[in-house]
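Below: one structure, written as structure tokens.
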2 protein chains.
Amino acid sequence: MTAINRRRLLGLGAAGAAGVAAAGAGAFATRSVLEGPPPAAAATTSDPVSFYGERQAGIVTPAQDRLHFVSFDVITKKREELVELLQEWTAAAARMTQGKDAGTFGAVGGAPEAPPDDTGEALGLPASGLTLTIGFGPSLFDDRFGLAAKKPAALADLPKFPGEDLKPEISGGDICIQACAHDPQVAVHAIRNLARIGFGRVSIRWSQLGFGRTSSTSRSQATPRNLFGFKDGTNNLKLEDAALLKDQLWVAPGDGPAWMAGGSYMVTRKIRMNIETWDRTSLVEQEEIFGRDKGEGAPMGKKREFDVIDFAAKKPDGTPVIPMDSHVRLAHPSTHGNAHLLRRGYNYVEGSDGLGRLDAGLFFIAYQRDPHKQYVPIQMELARKDKLNEYIKHISSGLFACPPGLRDAGDYWGRALFA
Amino acid sequence: MTAINRRRLLGLGAAGAAGVAAAGAGAFATRSVLEGPPPAAAATTSDPVSFYGERQAGIVTPAQDRLHFVSFDVITKKREELVELLQEWTAAAARMTQGKDAGTFGAVGGAPEAPPDDTGEALGLPASGLTLTIGFGPSLFDDRFGLAAKKPAALADLPKFPGEDLKPEISGGDICIQACAHDPQVAVHAIRNLARIGFGRVSIRWSQLGFGRTSSTSRSQATPRNLFGFKDGTNNLKLEDAALLKDQLWVAPGDGPAWMAGGSYMVTRKIRMNIETWDRTSLVEQEEIFGRDKGEGAPMGKKREFDVIDFAAKKPDGTPVIPMDSHVRLAHPSTHGNAHLLRRGYNYVEGSDGLGRLDAGLFFIAYQRDPHKQYVPIQMELARKDKLNEYIKHISSGLFACPPGLRDAGDYWGRALFA
Ligand code: HEM
Ligand code: HEM
């Protein structure tokens with residue numbers, strides 16, 4: 001897509017690179033607009049995904065392999081400073097997603113006596129499909145920045161769910177940024193540079209690394225597996241489901257405040273998985289818990305992964321083939337008046353827990369048009385009945401309003417919100 | 001290399017797969033021996049690396065992209081049980097490194113009423129260059145297993161280094177296993193299945209995920225960057241340095257107990273990096289701290305990355321071009337009677353630290369012939385003088401004896417030690 005990226009810049013001498021970078025900085029913003037709608041995905045795992053478009057990238061973009069997610073507390077009390085930061089972030093995000101540095105790198109256009117405007121660890125790496133997706137949390141709409149009147153009803157607090165054990169220090173936050181990329185160093189670099197730019201204005205509340213995707217969001221992708229060994233994402237909302245996306249994923253103009261029309265709401269849940277207990281559970285029981293077979297991922301009683309689930313099917317003894325308390329039955333749209341989620345989670349492992357067990361699980365991310373009509377009823381049903389609950393624990397929660405995409409370089413993250 | 005891997009198995013029906021798996025299980029062990037010396041590296045990032053050979057894979061194997069490292073405490077008191085575990089581990093490691101399951105998967109040769117002998121999350125993934133490297137820690141040689149007389153002098157405790165702040169709960173351990181692969185799910189799967197197999201006999205003491213390699217260990221690899229943005233691994237010991245490897249990496253027959261001849265000693269150090277402070281340091285200062293330039297990685301005063309460092313060079317004002325307290329000067333073999341290390345570390349990020357900063361750094365791994373003649377003097381010099389110390393903190397430490405490789409399927413991890 002872009003002719004100039006970090007890899008190219010690096011091959012040039014310092015003087016040459018400075019010239020090209022200057023030319024490039026002006027050129028790339030308009031180029032992607034001229035090119036028409038952003039590509040749904042990078043052509044290869046190295047290529048860039050367009051930053052501009054009707055929707056933010058990183059939602060229906062076929063899920064990249066790696067995640068670095070951050071939630072910030074805003075520490076400045078000045079609305080102008082926050083707006084300025086959002087503008088600076090937007091410019092850096094536009095650059096980084098195209099495989100460029102966050103700012104001028106060191107002596108190349110900068111001053112060696114100053115800290116570099118890019119931290120350097122992604123020098124030489126391609127764009128790697130990086131997407132940066134911003135979301136605004138409920139707490140941003142308190143009395144600090146005069147945004148109370150613009151708070152969407154959809155950002156009302158999630159209810160308390162049975163069995164959850166949420167840690168406030170890794171929950172919530174004023175602003176989140178989801179960085180997905182095929183190279184973890186590129187995702188880490190992006191979040192780290194946004195944090196660096198935000199110094200004195202925002203502070204990292206929590207951050208989360210996901211080493212591997214647990215969901216597919218496009219029919220072009222193979223379904224990956226979660227840490228319980230099952231295919232995850234089979235019956236996910238997918239990029240190709242145009243009508244469902246319109247109905248279930250994207251906020252419609254009449255849904256709430258105008259600034260969110262065309263956006264989507266994101267729910268994050270860090271779910272610790274007790275993999276040692278799971279690993280001592282029989283295969284039959286594991287499959288009954290999910291309602292799918294482990295090897296192929298087919299619904300129980302069917303052969304192939306994408307065969308349609310038959311919830312009415314009965315065994316010879318009259319009991320349902322898909323158990324009543326199985327995860328896919330409890331979570332299925334037919335159980336919730338056709339409520340869908342676009343799941344986009346990642347596996348995590350964070351050392352061990354001091355009790356001889358891996359500290360591992362799923363960083364669940366789901367996008368939807370209205371969390372109170374989608375995530376909440378589904379999770380309430382799961383929290384009450386899912387046999388899976390014996391093996392998992394929800395330990396953090398986040399809810400964020402992700403506005404629509406930016407049309408061009410004149411636009412910035414949150415413009416309509418602060419207008 | 002191997003004709004049968006997880007990807008292939010999955011394409012077959014259950015009955016067919018069972019037959020092939022049975023044939024394969026007997027066949028693969030001898031096949032790689034017949035094929036001659038193991039390849040130094042997989043041909044692609046999907047291919048397997050040979051498990052058998054004169055040396056353990058995962059030391060000079062060109063550093064794979066991802067790491068999952070685990071340190072176990074042995075909880076059984078019975079020597080036979082430990083030996084049995086090492087035999088079971090060896091069989092599973094031989095399978096997994098060739099892209100197969102840890103054991104029979106579910107109904108394929110197993111019983112659906114039993115927990116699967118493989119946890120399943122790597123089903124369908126190729127071998128991904130997985131290597132599994134075992135090491136025995138000093139504490140294994142206490143009075144529990146009758147190994148005291150076999151303890152190498154090289155496993156004597158490391159001295160306390162100025163400035164370190166080691167956490168015992170993430171340091172040491174009886175046995176470590178380093179899993180490196182190009183796919184993190186494959187590395188995580190391997191460690192998790194070894195832990196599962198070890199249930200009741202070992203307990204995870206600590207584990208560490210590394211999302212990206214920070215060193216190159218072969219001239220065929222591009223030098224990656226650490227989280228301070230500098231190329232790391234330029235002047236590393238490399239696969240191609242045959243004479244130096246013999247002199248500096250591999251334990252020679254006369255060096256200590258016979259069971260370690262042909263092996264190597266591993267030092268691990270988890271080093272927290274204060275990246276926020278670093279990011280506010282000027283480019284000039286950053287470069288003076290390392291003694292190399294940031295963009296290209298050239299020694300100061302030189303142009304290209306692999307130009308030879310000239311420690312004698314002076315600036316017009318008579319001060320040395322490479323500062324006296326720069327990292328490369330303090331760590332260079334010429335400062336330590338030609339002592340080298342083979343560095344094989346990984347970047348880590350583990351959320352944030354509750355103070356608004358990323359919890360990130362380097363999981364340093366170094367291999368060598370004698371840690372007390374190599375790691376210790378180098379680290380002592382660095383701990384005393386390195387300007388880098390303002391930005392880093394050593395928070396965990398490990399020392400492990402990694403025996404030579406296994407010749408064939410009749411051999412197992414630790415056979416010579418327990419003989
Ligand atoms: C560690 C926790 C979880 C695990 C391991 C897990 C795993 C799975 C698996 C294996 C499937 C079947 C394959 C598929 O269609 O994707 C599935 C389906 C699904 N899950 Fe989960 N899940 C977890 C938590 C959740 C949560 C918290 C929610 C939402 C509240 C959720 C909502 C769904 C939905 C909507 C489906 C699709 C059901 C269908 O339409 O067939 N899951 N999950
Ligand atoms: C966070 C901590 C560290 C960082 C960021 C770091 C970074 C670097 C960098 C950028 C280089 C120059 C490129 C190269 O030749 O690889 C280097 C070289 C080196 N480092 Fe480190 N290092 C760290 C800790 C250590 C430690 C703990 C040791 C051993 C005690 C060590 C030993 C070496 C050696 C032996 C060299 C090669 C010097 C030469 O021969 O030129 N480093 N390191």
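The values are calculated or read from the model by the stated rules, or taken from the named source; none is laboratory data. Quick caveat: nothing in here was measured; it's all calculated off a predicted structure. Neighbour counts run over all protein chains shown; Cβ positions are idealised from the backbone, glycine included. Side chains included, ligands, DNA and RNA excluded: accessible areas come from the protein's heavy atoms. Shrake-Rupley method; radii C 1.70, N 1.55, O 1.52, S 1.80 Å.
In region B:252-293, what residues drop by 30 Å² or more of accessible area when the other protein chains are put back, versus the chain on its own? Use 1.4 Å, and skip ligands and nucleic acids.
With the partner chains in place, region B:252-293 has these residues losing at least 30 Å²: B:279, B:280, B:282, B:283, B:284.
Can you pull the percent of region A:87-199's accessible area that's carbon plus sulfur, 1.4 Å probe, other chains left in place?
That share works out to 61 percent.
Which whole-number percent is the relative contact order of chain A (Cα, under 8 Å, 6+ apart)?
23
Using alpha carbon centroids, what distance separates region B:295-342 and region A:189-256, in Å?
Centre-to-centre (Cα) distance: 45 Å.
Enter the mean projected area of the convex hull around the alpha-carbon atoms of region B:273-419, in nm², rounded to one decimal.
12.9
Explain nothing, just the number: relative contact order of region A:165-257, from Cα pairs under 8 Å at least 6 residues apart, as a whole percent.
17
In terms of the Cα gyration tensor, with a ≥ b ≥ c the square roots of its eigenvalues, is region B:261-339 rounded because a/c is under 1.5, prolate because a/b exceeds b/c, or oblate?
Here region B:261-339 falls in the oblate category.
Give the accessible area for residue A:196 in Å² (nearest 10); use a 1.4 Å probe, count only protein heavy atoms, and leave out ligands, DNA and RNA.
Looks like 50 Å² after rounding.
Kindly report, to the nearest 10 Å², the accessible surface of residue B:412 as traced by a 1.4 Å probe over protein heavy atoms only.
40
Any idea what Rg and Dmax come out to for region A:200-326 if you just take the C-alpha atoms, in Å?
18.8, 67
Take the Cβ-Cβ distance between residue B:312 and residue A:261 as r, set R0 to 51 Å, and report the resulting FRET efficiency rounded to the nearest 0.05. Write out the running numbers ahead of the final one.
On the way: r = 68 Å, r/R0 = 1.32.
Calculated transfer efficiency: 0.15.
Probe radius 1.4 Å, ligands and nucleic acids left out: can you give me the accessible area buried at the A-B interface, summed over both chains, in Å² to the nearest hundred?
Chain pair A/B: roughly 4300 Å² of buried accessible area.
Once you place label points 7 Å from the Cα toward the Cβ at residue B:87 and residue B:220, how far apart are they in nm?
Here the modelled spin labels are 3.6 nm apart.
Out of B:413, B:67, B:378, whose Cα points farthest toward the positive end of the dipole of chain B (charges: +1 Lys, Arg; -1 Asp, Glu; placed on Cβ)?
Result: B:378, furthest along the dipole toward the positive end.
Taking +1 at the Cβ of each Lys and Arg and -1 at the Cβ of each Asp and Glu, which of B:119, B:223, B:136 sits farthest along the dipole of chain B towards its positive end, judged by Cα position relative to the Cα centre?
B:223
When Lys and Arg each count +1 and Asp and Glu each count -1, what net charge do the other residues less than 14 Å away from residue A:357, Cβ to Cβ, add up to? Don't skip to the answer; put the middle values down first.
Working: positive: A:272, A:280, A:393, B:192, B:196, B:205; negative: A:276, A:279, A:350, A:353, A:359, B:73, B:169.
So the environment of residue A:357 carries a net charge of -1.
Which of A:400, A:48, A:277 sits farthest toward the positive end of the charge dipole of the protein assembly as shown, with +1 on the Cβ of Lys and Arg and -1 on the Cβ of Asp and Glu?
Of the options given, the answer is A:48.
As a test question: what accessible area, to the nearest 10 Å², does residue B:90 have when a 1.4 Å probe is rolled over all protein chains in place?
Rounded to the nearest 10, the figure is 10 Å².
Residues of the protein assembly as shown: accessible area per residue at 1.4 Å, in Å²?
Counting only protein heavy atoms, the per-residue value for the protein assembly as shown is 36 Å².
So for the protein assembly as shown, Kirkwood radius off the Cα pairs, Stokes-Einstein at 25 °C and 0.890 mPa s: how many µm² s⁻¹? Kindly include the intermediate steps, with their values, before the conclusion.
Values: Rh = 27.9 Å.
Answer from the Stokes-Einstein relation: 88 µm²/s.
Helix A:79-97 sits at what angle to the longest principal axis of chain A, using alpha carbons and giving 0 to 90 degrees rounded to 10?
Between the helix axis and the principal axis of chain A, the angle is about 80 degrees.
Sort region A:251-304 into rounded, prolate or oblate with this rule: let a ≥ b ≥ c be the square roots of the eigenvalues of the Cα gyration tensor; rounded if a/c is under 1.5, and if a/c is not under 1.5, prolate when a/b is larger than b/c, oblate otherwise.
oblate
Using only the alpha-carbon atoms, how far is helix A:14-34 inclined from the longest principal axis of chain A? Give it as 0 to 90 degrees, nearest 10.
Result, in degrees: 50.
Using all C-alpha to C-alpha distances in chain B, build P(r) with 10 Å bins and read off the rounded percent in each one.
5, 22, 31, 24, 13, 4, 1, 0
Quantify, in whole percent, the carbon and sulfur part of the accessible surface of region B:274-331 (1.4 Å probe; protein heavy atoms only).
It is 57 percent, rounded to a whole number.
Using a 1.4 Å probe on the heavy atoms of the protein chains only, list every residue of region B:179-217 that has 40 Å² or more less accessible area in the complete assembly than in its chain alone.
For region B:179-217, once contacts with the other chains are taken into account, B:184, B:185, B:188, B:192, B:199, B:204, B:207, B:209, B:211 lose 40 Å² or more.
Using the structure shown, select from A:160/A:270; A:246/A:315; A:100/B:294 the pairs with a Cα to Cα distance greater than 26 angstrom.
Those over the limit are A:246/A:315.
Label-point separation (nm) for residue A:113 and residue A:153, each offset 7 Å from Cα along Cα-to-Cβ?
Those two pseudo-labels are separated by 5.9 nm.
What's the long-distance tail for region B:344-419, i.e. % of Cα pairs beyond 22 Å?
Pairs farther apart than 22 Å: 47 percent.
Over region B:218-278, what is the relative contact order in whole percent, taking alpha-carbon pairs under 8 Å and six or more residues apart?
This gives 24 percent for region B:218-278.
In degrees between 0 and 90, to the nearest 10, how far off the longest principal axis of chain A does helix A:184-197 point, with axes built from Cα atoms?
For A:184-197 against chain A, the angle is about 60 degrees.
Sort region A:172-258 into rounded, prolate or oblate with this rule: let a ≥ b ≥ c be the square roots of the eigenvalues of the Cα gyration tensor; rounded if a/c is under 1.5, and if a/c is not under 1.5, prolate when a/b is larger than b/c, oblate otherwise.
Cα axes put region A:172-258 in the oblate bin.
Taking the alpha-carbon distance from residue A:151 and a cut-off under 16 Å, which aspartates and glutamates remain once sequence neighbours fewer than 8 residues away in the same chain are dropped?
By straight Cα distance, residue A:151 reaches A:142, A:143, A:174, A:255, A:370.
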